[in-house]
Each structure stands twice: as C-alpha cells, then as structure tokens.
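Heads up: the structure comes next, in structure tokens.
The values are calculated or read from the model by the stated rules, or taken from the named source; none is laboratory data. Note that the structure is a prediction, hence the values are computed from the model and not measured. Positions of Cβ are backbone-derived with ideal geometry, glycine not excepted, and every protein chain shown enters the neighbour counts.
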Amino acid sequence: MSTPAEPTSATAVQRLDYAGEGLTEADVPAAPLPLITAWLEAAVAREAERGDVPEPHAIAVATVDADGRPDVRTVLMRFLDAAGPGFVTSLESTKSRQLEAVPALAATLTWPAMFRAVRFRGRAEPVGEQEVDAYFAQRPRGSQISAWVSRQSQPVDGRAPLERAWAEVEERFAGRDVPRPPLWGGWRIVCDEVEAWAGRSNRLHDRFRWTRIGAGDLADPSAWSVQRLQP
Ligand SMILES: Cc1cc2nc3c(=O)[nH]c(=O)nc-3n(C[C@H](O)[C@H](O)[C@H](O)COP(=O)(O)O)c2cc1C
C-alpha cells in the first residue's frame, strides 16, 4: 500500500469561503439561456471593472475518442444563443476528428472570482458556413493568417517552420482579404442538459439543472424541466 504524499505548496489545502450571491428558485428561468447569458455578461463586465475574471469566455470542452477515452481542452466560447454554445477551431484538429467519430460534447465555463460555473452536455453539430465566415472575417489579420499556417494538433519540428509558413502566407495574401481556410470551422453543443452552479458558504452550494423534455431550443421554456440538485 502506498503512503499518501504530503501536500506540497502547490497542492496544499486552501480553505476559500465560496461566499457567492447564490441562486434561488426565483432567479431560475424555465429555459436556461437568459440566466446563462446574464451570467456571461456579468463576468465580462466584472473583468472590465475589476480585472479578476480573465478570459471570461474560456470554456473547457470535453470529447471522447473512438475508444471511449475522454479528452479535454480549453477554447473560447464564440457563440452563445438559442442554438447553443459554440466555438471555432481547426476541422483537422484532434477534437474535430474525435467529434466526427463520436459527436458528443460536454463543456464547462468557470468564473472562480464570482463563485459561478455552468455546465453543458449534448450533441456536437458543425457551426453553419455563413456564421463561421462572418466570425472569421472579423478576426485580427494575424490570427487569420495563423489559421492557414497551423495544421492544428499535428507534430512540428521546432517553431521556425511555423514562422516561415506564416511569413509566406502573409505574402500570398498581401493587399487582399484573407479568406477562411476550408478546414477551419466551428462546433456547437446542441444541449440536452445545462447546469448553473453558484458557490455558497460552508460548501452548501446552489445547483440547478435543466433537462431537455421537448424539441425546442435553449430559449424555449416548453423544452426544459428544471430541478435543484444537492451540492
Ligand atoms: C485560454 C485558451 C483559449 C483557447 N482558445 C482556443 C480556441 O478558441 N480554438 C482552438 O481551436 N483552440 C484554442 N485554444 C487551444 C486549445 O486549448 C487546444 O490546445 C487546441 O484547440 C488543440 O486541441 P486538440 O488537439 O484537442 O484539438 C485555447 C487555449 C487556451 C488556454
């Protein structure tokens, strides 16, 4: 039997009191979208005012591969509307290959300074071409060029080949708009479960989970039932 490791300074137990505002039945709408949108807006506003919610759109996105092994990485949530949360990425990346094989997605947004988190589970659906084009068109030019350069998730022999390729692509598109690469796109979670978590003192947190009961979208009250969960 192995002896438990002593906590190091990195793993030492911290006892932060999760003294958040909480969430009551009265705050929880019949469909999830209004609350999740309000929380995201509050996180963006708080980052602007107090600077303690960096990258409020950062979302951990979990996939499974064809062998059922889970995988997770952080991306930026670029869409949040009635159709579901979505992100942009390379369609030849590991995550996109996994989603083509097993179109199941789960994700979580966490705003520790606000003692709030959101979870989504559902089915992966490609973001429509028009939406992806519109998003790509307003990216900074340098990021547009990188989208052509990077074969995301493939090995590379050092940084130099990437920088050389970046300079070549920059020259190729000099004086004109950078078009969207054909293998660059996005994924949306068509949710069947959404959860809002609000941290409270003594770890007696508030949790509410919406479960899909009908065909409507994230804004349709008739499509969801909502239930408080134990912390
Ligand atoms: C804060 C943050 C934001 C990121 N945003 C994105 C993003 O929007 N799209 C993306 O493809 N990768 C993004 N990445 C990189 C991913 O975490 C990941 O390394 C990459 O998508 C490759 O993942 P994969 O090999 O599982 O496909 C981001 C990383 C961090 C830490």
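If you scan the range 146-160, which residues turn out to be loosely packed, with under 10 Cβ neighbours inside 10 Å and in a helix (DSSP H, G or I)? Outline the logic, then answer.
Taking the range 146-160 as the starting set, the residues that turn out to be loosely packed, with under 10 Cβ neighbours inside 10 Å are 155, 157-160.
Matches in the range 146-160: ALA160 only.
Considering every residue within the range 125-140, establish whether at least one is modelled with pLDDT of 95 or more, assigned to a strand (DSSP E or B) and under 18 Å from the mean Cα position of the chain (by Cα). Please lay out each step first, then the result.
So the first thing to find is which residues in the range 125-140 are modelled with pLDDT of 95 or more, and the list is 125-140.
Going one step further and asking which of them are assigned to a strand (DSSP E or B), we end up with 125-126.
Subset that is under 18 Å from the mean Cα position of the chain (by Cα): 125-126.
Checked the range 125-140: at least one residue is modelled with pLDDT of 95 or more, assigned to a strand (DSSP E or B) and under 18 Å from the mean Cα position of the chain (by Cα).
Can you name the residue in the range 51-61 that is on the phi < 0 side of the Ramachandran plot and more than 10 Å from the ligand (Cβ to nearest atom) and is also surrounded by the fewest Cβ atoms within 10 Å (Cβ to Cβ) among such residues? Talk me through it step by step, then tell me what you get.
Just the residues of the range 51-61 that are on the phi < 0 side of the Ramachandran plot, to begin with: 52-54, 56-61.
Now drop any that are not more than 10 Å from the ligand (Cβ to nearest atom), which leaves 52-53, 56.
On the way: ASP52: 11, VAL53: 21, PRO56: 23.
Ranking the qualifying residues of the range 51-61, first place goes to ASP52.
May I ask you to list the residues in the range 113-153 that are in contact with an Asp or Glu (Cβ under 9 Å, 6 or more places away or on another chain) and free of Cβ contacts under 8 Å to residues at least 60 places away in the same chain?
ALA137, ARG141, GLY142, GLN144, ILE145, VAL149
What pairs come out if I take residues in the range 177-195 that are in a strand (DSSP E or B) and pair them with residues that are β-branched (Val, Ile, Thr) whose C-beta lies under 6 Å away, six or more apart or interchain?
Pairs that qualify, where the first residue is in a strand (DSSP E or B) and the partner is β-branched (Val, Ile, Thr), are GLY185/VAL132; GLY186/VAL88; GLY186/VAL127; GLY186/VAL132; ARG188/VAL127; GLU193/THR211.
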